Amino acid sequence: MDFVSKIKALNLPSGKYIVFGSGVMEIHGIRKAKDVDVLINEELYDELKKRGWKRKWFFKRVLTCKALTNENNEAFTNLLWKDYKKATDDVIKKAEIIDGIPFMSLVDYVEYKKHLPRKKDKDDVVLIEKYLTNNKK
């Protein structure tokens, strides 16, 4: 199953989520995603819990939020991290729609990644910035 089909199979309601994480990079052909990460509002969080998604716990090293998991998918209620303070609803409203799916824009995603401390995040910033430089419109 291709990446877009994986997202569509989740049957998430429009306006309540946005794909972020490595999925943003995969949809642009930068690198493959290992899973589907979505940012969701509180209403969708409650709905997914009712659908059987399980609570996932995170250490505070990266994100402090409520999160759910279902197979190889993760749903987060916010992306707040130190100086990165964008409200979930604001991020969702700025979605870039690709193949009918709301994605976080690459510009917003690289801004977010720059705030994270992990080596993989620093490596992704380099890949995204190279892509953005080579694909200026």
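The values are calculated or read from the model by the stated rules, or taken from the named source; none is laboratory data. Predicted model, so just to flag it, every value in this text is computed and none were measured. Accessible surface is based on the protein model in full, side chains and every heavy atom, while ligands, DNA and RNA are left aside. Shrake-Rupley method; radii C 1.70, N 1.55, O 1.52, S 1.80 Å.
The figures follow:
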{"read-out": "Residue 38 long-range amide H proximity, modeled H, under 5 Å", "value": "20, 74, 75, 76"}
{"read-out": "Residue-averaged 222 nm ellipticity for the chain, from DSSP H runs of 4+ at -39500 (n - 2.57), nearest 500", "value": "-10500 deg cm²/dmol"}
{"read-out": "Accessible area of the chain belonging to carbon and sulfur atoms, whole % at 1.4 Å probe", "value": "52 percent"}
{"read-out": "Under 5 Å, built H, 5+ apart or other chain: amide partners of residue 31", "value": "26"}
{"read-out": "Karplus-derived 3J(HN,Hα), 6.51/-1.76/1.60, for each residue of the stretch 12-29, Hz, glycine and proline x", "value": "8, x, 4, x, 10, 8, 8, 7, 9, x, 5, x, 5, 6, 5, 4, 9, x"}
{"read-out": "Long-range amide H partners of residue 67 with built H, under 5 Å", "value": "56"}
{"read-out": "Degrees separating the helix 119-134 axis from the principal Cα axis of the chain, which is the longest one", "value": "60 degrees"}
{"read-out": "Mean separation of Cα contacts under 8 Å, 6 or more apart, over the residue count of the stretch 19-134: relative contact order %", "value": "23 percent"}
{"read-out": "In order through the stretch 99-104: 3J(HN,Hα) via Karplus (6.51 cos²θ - 1.76 cosθ + 1.60), integer Hz, x for Gly, Pro", "value": "6, x, 10, x, 10, 5"}
{"read-out": "Heavy-atom surface of the stretch 17-125, accessible at 1.4 Å and reported per residue (Å²)", "value": "53 Å²"}
{"read-out": "Principal axis box of the stretch 1-123, alpha-carbon based, largest edge first, Å", "value": "33, 30, 25"}
